[in-house]
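Enquirer: Structure in structure tokens, see below.
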Amino acid sequence: GIAVFLAILITIIRNFHFPMEVIGVIIGMSIIFIVEVLDDIYSISAFIRLFGQVLAAIVLIYFGVSISLVPHIFGEKIIEWILTILWVVGITNAINLLDGIVP
């Protein structure tokens, strides 16, 4: 995890020009990285991991990154925000699950 995190971070930072969305991705990625490293070291509770994942998704949404596949209907932004949170939490937990399966 550390190598992947550093590779992505160095690649992004090397650009030296950061739109708001990229800053949100860096912050959200860092939050998830810190929570997962703390989980590996201290075996933190599932609630704290979930809180960190939701916080990272909210940071993404705040910086303008969200899933945008909902048609133009009433409440489309709220639906997109909920889908974004579910996607971030789901993908993070799927990768964490695979981490325990692969030898």
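The values are calculated or read from the model by the stated rules, or taken from the named source; none is laboratory data. Predicted model, so just to flag it, every value in this text is computed and none were measured. Here Cβ is always computed from backbone atoms with ideal geometry, including for glycine, and neighbour counts include all displayed protein chains. The area values use the complete protein model at the heavy-atom level, side chains included, leaving out ligands, DNA and RNA. Shrake-Rupley method; radii C 1.70, N 1.55, O 1.52, S 1.80 Å.
Enquirer: How about segment 57-103: which of its residues are of a type in the set (V, I, T), at pLDDT 90 or above and not in a helix (DSSP H, G or I)?
Expert: V65, I67
Enquirer: Which count do you get for residues in segment 8-25 that are farther than 21 Å from N93 by Cβ and assigned to a helix (DSSP H, G or I)? Spell out how you get there, then give the answer.
Expert: Of all residues in segment 8-25, those farther than 21 Å from N93 by Cβ come to 9-23.
Next, only the ones that are assigned to a helix (DSSP H, G or I) stay: 9-13, 20-23.
Number satisfying all stated conditions: 9.
Enquirer: Residue check, F33 against (1) open to solvent by 40 Å² or more (accessible area, probe 1.4 Å); (2) farther than 14 Å from T92 by Cα, all met but one. Which one?
Expert: Status for F33: all satisfied but (2).
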